[in-house]
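Here the structure comes first, spelled out in C-alpha cells, and everything after it is commentary.
Since every read-out is calculated from the coordinates, none of them should be taken as a lab result. Source: prediction; values computed, not measured. Here Cβ is always computed from backbone atoms with ideal geometry, including for glycine, and neighbour counts include all displayed protein chains.
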Amino acid sequence: MNTMETETISLVVKKETPLKEMVIDYVGEALNPEEDEITVSQIVEVFAEEFPEFILAIAEENWINGYTQALQDLDFVNSSKKENETKL
C-alpha cells in the first residue's frame, strides 16, 4: 500500500454534510471506538460487512478504470518505442 492510500484510509472524516453525519454516527455506534473520531477505513469496514453490494460496485468500477488506464499506458509505451525506433 502506498503512502497516499495509507493517508486516505486513515483520514478522519468530518461531519460536513447530513449524509456524512449519518454515516459517522452509524459507524461510531457500530464500532464504538475509543476515540471520538471515525476514519475512512472504519467506514469501509462497516460498509463491507453491512452493505457489501455498495463496496463491490466501487471495487468493480475501480478495477475497470485501472485496467483501462493500464491499456492506455501500454499503448503509449508502444507508440513511444515505435517513434524512437523510426528516429534511429
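Does the stretch 33-88 classify as rounded, prolate or oblate by the C-alpha gyration tensor (a ≥ b ≥ c root eigenvalues; a/c under 1.5 gives rounded; else a/b over b/c gives prolate, otherwise oblate)?
It is oblate, given that a/c is not under 1.5 and a/b is not larger than b/c.
Hand me the GluC sites (Glu not before Pro) from the stretch 22-87 located in a DSSP loop with no more than 11 other Cβ atoms within 10 Å, in residue order please.
Of the GluC sites (Glu not before Pro), the ones in loops of the stretch 22-87 whose Cβ has at most 11 other Cβ atoms within 10 Å are E34, E35.
May I ask for the angle, rounded to the nearest 10°, between helix 18-31 and the longest principal axis of the chain, with both axes built from Cα atoms and the value confined to 0 to 90°?
Around 70 degrees separate the two axes.
Can you list the lysines whose alpha carbon is less than 19 Å from that of K20, not counting same-chain residues fewer than 8 positions off?
The qualifying lysines are none; the list is empty.
Excluding E21 itself, calculate the net charge of residues whose Cβ lies under 12 Å from the Cβ of E21, where each Lys or Arg counts +1 and each Asp or Glu counts -1.
Result for the neighbourhood of E21: +1.
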